[in-house]
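**Q** Questions regarding the structure given below will be posed in turn.
Nothing in this text is a laboratory measurement; each read-out follows from the coordinates by a stated rule. Computed from a prediction, not measured in an experiment: that's the story for all the values here. Don't worry about glycine lacking a Cβ; one is built from the backbone with ideal geometry, like all the others, and counts go over all protein chains shown.
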Amino acid sequence: MDDEESEIGLRGVAAGVYDQMGSMIVAVSLGGPTTRVTSEVHPEFIRAIREAAATISCRLGHRATPELQFVIDKARNEVRPP
């Protein structure tokens, strides 16, 4: 997450994408000006980028660990109570 640390006026998030061996091979990111990426929408950016990275990782053969599956389910609003 970058909250104007790299550039004043910009805010962004990134998440790693993993292959079938569990190696991070790339990252996906999403960002924009702080006038549009406000504190109200920033959590939605985080959710979207985590879901995207988890989905891509799974499609590349990465096994969904319980933690990764939780991120996918939460992003899809399918979290089941324990």
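**Q** Would you work out which of Thr34, Ala48, Pro66 lies farthest towards the positive end of the dipole of the chain, given +1 charges on the beta-carbon of Lys and Arg and -1 on that of Asp and Glu, about the Cα centre?
**A** Towards the positive end, the residue furthest out is Pro66.
**Q** Rounded to the nearest 500 deg cm²/dmol, what is the calculated helix-only ellipticity per residue at 222 nm for the chain, with -39500 (n - 2.57) per DSSP H run of length n ≥ 4?
**A** Result for the chain, helices only: -11000 deg cm²/dmol.
**Q** Gain in length, Ser23 to Arg59, computed as 0.36 nm per residue apart minus the alpha-carbon separation, to one decimal in nm?
**A** Contour length minus Cα-Cα distance gives 11.6 nm.
**Q** Moving to a separate point now. Among all stretches of the chain without exposed trypsin sites (Lys or Arg not before Pro) (DSSP loop, at most 13 other Cβ atoms within 10 Å), which one is longest?
**A** So the longest stretch without any such site is 1-35.
**Q** With labels modelled as points extended 7 Å from the Cα through the Cβ direction, what inter-label distance (nm, one decimal) is found for Glu40 paired with Glu5?
**A** Reported label-point gap for Glu40 and Glu5 is 2.7 nm.
**Q** Turning to a different aspect of this structure: Which order do His62, His42 fall in if you start with the one that has the fewest other Cβ atoms within 10 Å?
**A** His42, His62
**Q** Over its Cα atoms, what ratio of radius of gyration to 2.2 N^0.38 Å does the stretch 2-75 give?
**A** My calculation over the Cα atoms of the stretch 2-75 gives 1.19.
**Q** Defining a contact as two alpha carbons under 8 Å apart and six or more residues distant in sequence, what relative contact order in percent does the chain show?
**A** 26 percent
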